[in-house]
Amino acid sequence: MASISVAAVFVCCLLAAFFSPALVQGEMARYDNYRVYKLNIESVDQLQLLQLIEQHSDGYTFLSDPVHLNTTVKLVVAPHKVAEFGEFNQRFSLKAEIAFENLQALIDRQLRGRRETFGWTAYHPLEDINAWLDTLIQQYPDVVSPIVAGETYEGRQIRGVKVSYKQGNSAVFMEGTIHSREWISAATVTWVLNELLTSEDVSVRNIAENYDWYVVPVANPDGYVYTHTTTRLWRKTRSRQNVLCYGVDPNRNWDYKFNQGGTSTIPCSDTFSGASPFSEIETRTLSEYIATIPNLSTYLDFHSSGQLLMIPYGHTQEPLDNYYELMEIGTKAAAKLQERHGSVYQVGNIAEIIYVASGSSLDWVKGTLQTPLTFAYELRDTGEYGFLLPPEQIIPTAEETLDSIIVILEEGKAMASFKPRKALSVPWTTPIFTMKLLLVCLACALFGATVAEKARYDNYRVYRIRVQTDRQLELLQAIEQYPDGYQFWSAPAKVGTEVLLVVPPHKRGHFSDIRAQYALRAELQTANLQEQIDLESRPSLRKETFGWTAYYNTDAIYAWLDSLVASYPSVVSPLNIGNSFEGRPIKGVKVSYKAGNKAVFMEGLIHAREWVSGATVTWVLNELLTSSDPKVRQIAENYDWYFFPVTNPDGYEYTHTTDRQWRKTRSQSSILCRGADPNRNWGYNFMQGGASSVPCSDTFAGASPFSEIETRQLSDFIATLDNLSTYLAFHSFSQLLLVPYGHTTARLDNYDETIAIGTKAINKLQQRYGTTYRIGNIAEAIYVASGGSVDWVKGVLRTPLVYAYELRDLGRFGFVLPPEQIIPTAEETLDSIIVILEEGANYGYH
């Protein structure tokens, strides 16, 4: 990974590490309808964008690293990110092409063809490879002997074989699958091994019998097993780095020019180099074994993809050691490779033909052991399939590779500096574990674009999790900060509470792991979130005339408000307090039957995805105009009402057109990130807890108080209402009636009176349908959450009665409340509002 400069780096607190045996095998990650895009990097802006996406990979996975201009990369985009990526594509002129519409179909294709007997028409799991090695030892006892080249974090052996036809030979070491998802590597190594034992070709027999071969098909067994059982795209080891992140890149962890470029210090990154050189037991024990091999003349390391033949070093482009001789040999080998099937390989040192990548096995073998011939292959292909090369290509890949190996060894004999190395004694290195979790965002002022596609949540699951321990809380908070596709519907704030977590298909394996590791009590609430979204928005519910059997978009709500102004000209007057970031009006109405009334303000949809909020506000408004109930008429005519059903119109519209789960505004907060949480952006105790400084976070408070034009204009308008006695904000979900403040659990101002009034209100609310609400101040009833609208109205304007509703339900449907529940929710809410106003009058607030 290339290092890049960023405008701001947010460093999360150090997380404790837990080192434990292998986890119980979980569920296999799936990639149904995950798209793979092909991108040509043509500008610095594009390169910077892609590098930021790589560092903050929330639902994105690179199949090749974005490092240089004028190169091509492959990017996996999760279904819930297609809309966001479409916006990136347009804003940055990425010219993205869909390489594969459905990644899972490609994975399924790669898995087909496995036979009972070991062969090369399919890819095989580790147990099959090891069993095949055992058969070779039995069949060729005079030639093949077992070797154990190291150990793994999860207790496996790094197994291989030695092939030796006579004493005194120079040695060749072949290493495969140090990056676990590169399956073609192990398949090629085993095919070459088989040829060394069975081929009658004169050239093959020459190298087979005149060298001692040390063959390790799978140098990263834990990771390789994980790609077969859990996550096909896993790359690293499986050691535990912190509460959230597993593994180290075993090809960045060797003790030669460690961390000298092309590595990451972020534990969740695919190129995380580890806390120290040889922190991984795999690299440490493997290096110790290699150092004992006598007469080691050649080291061959196999990766995919890219069709490259690389020589040391990865930390510099300087032509060090026997660079020119290796280039000459490699060029001849690549030419020979091309003859069989036409595959074209590039030759060069690692840093010059791909990117800077320090701490690799190849560099250590060359730099420390001074092994004469050291080559790393990036096998087929050049990007069409990448790591997911179809099994039909195993044998052709291996055939041409063996052709090139023959040339390397033949040409190597004539190399003037060819001197096999004597075995060394390498001391054991004790690892020192240091864990950092960094979140990176770059502040920038770029503006939006039209988005063509909707985010989808097919087979995204929603789990209800009971937070029982501090360790579980730490885990969930780490996921919230570094989500990679996870989404919280309720924040993990304290032990003893429940949270709802959306788990995307590609994180099923990871979720199974942490569920077992941390003994999470996770109950499946929704098996397929998209089905719930589709039911919520089915067209048959929406009538030609505005109503409450369906949810309506911003334009429909505004048109209905306009119709009220026309229908009730002496009572309803239009309000327009300004425009949103994207230029939409923030419209409302005032309902006033007579002069001199105290005012009630009704705020809806400040959080865009909470649709029942806007529907409830409009239903209450309709009742105030049409109901003949005496209690409704009493509050309708004896208060001035200010209704703003949609206080975040950009975000709300985005939930209808693009991403149903969007929460924030739509301002540009960084290159990657849009929006601020408009209910953390108000200028009262701003950023005093429960808000994030990370622009991609759902609770990002904004760069400063009132940085969002929506909150700034809304607060300016509210401040003009001299007779304001009651402020009611509507959210969902959780069935709570909340009073200020969110920054403290201290019972400030008229806390006791507002709690007494609110308690009567929720008791009345329960009478109609049995819906149970809890009451408390924000910080005590849910969690610390500073910078909210109700806190500003209370703390700055000193408004007597201030409440925030968290409407239905308790999490069964969450934000995606079925439209059948709109009217019942609104009816019981109005019952409680009547009580708030009646009791408020008794306390002398009106």
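The values are calculated or read from the model by the stated rules, or taken from the named source; none is laboratory data. These numbers come from a predicted model, not from an experiment. Methodologically, a virtual Cβ is constructed for each residue, glycine included, from the backbone with ideal geometry; neighbour enumeration extends over all protein chains shown. Ligands, DNA and RNA are stripped out before the accessible areas are found, and what is left, the full protein with its side chains, is counted by its heavy atoms. Shrake-Rupley method; radii C 1.70, N 1.55, O 1.52, S 1.80 Å.
Listing for the model above:
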quantity	calculated
Top-ranked residue of region 292-307 - restricted to ones that are open to solvent by less than 10 Å² (accessible area, probe 1.4 Å) and either touching an Asp or Glu at 6+ places or on another chain (Cβ under 6 Å) or not assigned by the TED database to the domain that holds V407 (or both), ranked as farthest from V73 (Cα to Cα)	D301
Enumeration of residues in region 528-539 that are touching a Phe, Trp or Tyr at 6+ places or on another chain (Cβ under 9 Å) and not charged (D, E, K, R)	N528, L529, Q530, Q532, I533, S537
Long-range neighbours under 9 Å by Cβ, at least six apart or interchain, first residue more than 23 Å from I53 (Cβ to Cβ) within region 472-488, second part of a helix (DSSP H, G or I)	L475/I514; L475/Q517
Residue under evaluation F62, criteria (1) of a type outside the set (A, V, I, L, M); (2) open to solvent by 30 Å² or more (accessible area, probe 1.4 Å); (3) under 20 Å from the mean Cα position of the chain (by Cα), criterion not met	(2)
Subset of region 463-500 (residues that are in a loop (DSSP other than H, G, I, E, B) and of a type in the set (D, E, K, R))	D484, K494
Some residue of region 682-700 being buried (at least 24 other Cβ atoms within 10 Å of the Cβ) and in contact with a Lys or Arg (Cβ under 6 Å, 6 or more places away or on another chain)	yes
Residue that is among the aliphatic types (A, V, I, L, M), open to solvent by 10 Å² or more (accessible area, probe 1.4 Å), more than 26 Å from the chain's Cα centre (by Cα) and modelled with pLDDT of 95 or more, where the choices are V202, V218, V225, V189	V202
Per-region count, region 358-386, residues open to solvent by less than 10 Å² (accessible area, probe 1.4 Å) and either on the phi > 0 side of the Ramachandran plot or among the hydrophobic types (A, V, I, L, M, F, W, C) (or both)	10
Segments classed as strands (runs of 3 or more DSSP E), wholly inside region 576-688, with at least 1 members that are more than 18 Å from Y727 (Cβ to Cβ) and among the hydroxyl-bearing types (S, T, Y)	none
Considering residues of region 342-357 that are touching a helix residue (DSSP H, G or I) at 6+ places or on another chain (Cβ under 9 Å) and under 24 Å from V36 (Cβ atoms) only, the residue surrounded by the most Cβ atoms within 10 Å (Cβ to Cβ)	A357
Strands (runs of 3 or more DSSP E) fully within region 122-217 counting 2 or more residues that are under 23 Å from P391 (Cα atoms) and touching a residue at least 24 places away in the same chain (Cβ under 8 Å)	170-176, 211-216
Residue under evaluation V565, criteria (1) assigned to a helix (DSSP H, G or I); (2) of a type outside the set (D, E, K, R); (3) open to solvent by less than 10 Å² (accessible area, probe 1.4 Å), criterion not met	(3)
Filter pass, N777 being buried (at least 19 other Cβ atoms within 10 Å of the Cβ) and in contact (Cβ under 8 Å) with a residue 24 or more places away in the chain	yes
Residue match in region 737-749 (condition: open to solvent by 20 Å² or more (accessible area, probe 1.4 Å), closer than 30 Å to V503 by Cα and not assigned by the TED database to the domain that holds R91)	yes
Single condition T230 does not satisfy, out of (1) open to solvent by 10 Å² or more (accessible area, probe 1.4 Å); (2) within 22 Å of the chain's Cα centre (by Cα); (3) over 17 Å from Q157 (Cα atoms)	(1)
Given (1) among the aromatic types (F, W, Y); (2) in contact with a strand residue (DSSP E or B) (Cβ under 7 Å, 6 or more places away or on another chain); (3) assigned to a loop (DSSP other than H, G, I, E, B), index of the condition F278 fails	(2)
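Per-residue answers, yes or no, for (1) under 25 Å from P79 (Cβ atoms); (2) open to solvent by 70 Å² or more (accessible area, probe 1.4 Å); (3) more than 21 Å from the chain's Cα centre (by Cα):
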{"position": "L500", "(1), (2), (3)": "yes, no, no"}
{"position": "H506", "(1), (2), (3)": "yes, no, no"}
{"position": "H510", "(1), (2), (3)": "yes, no, no"}
{"position": "D513", "(1), (2), (3)": "yes, no, no"}
{"position": "D534", "(1), (2), (3)": "yes, yes, yes"}
{"position": "Y551", "(1), (2), (3)": "yes, no, yes"}
{"position": "I557", "(1), (2), (3)": "no, no, yes"}
{"position": "V571", "(1), (2), (3)": "no, no, yes"}
{"position": "G578", "(1), (2), (3)": "no, no, yes"}
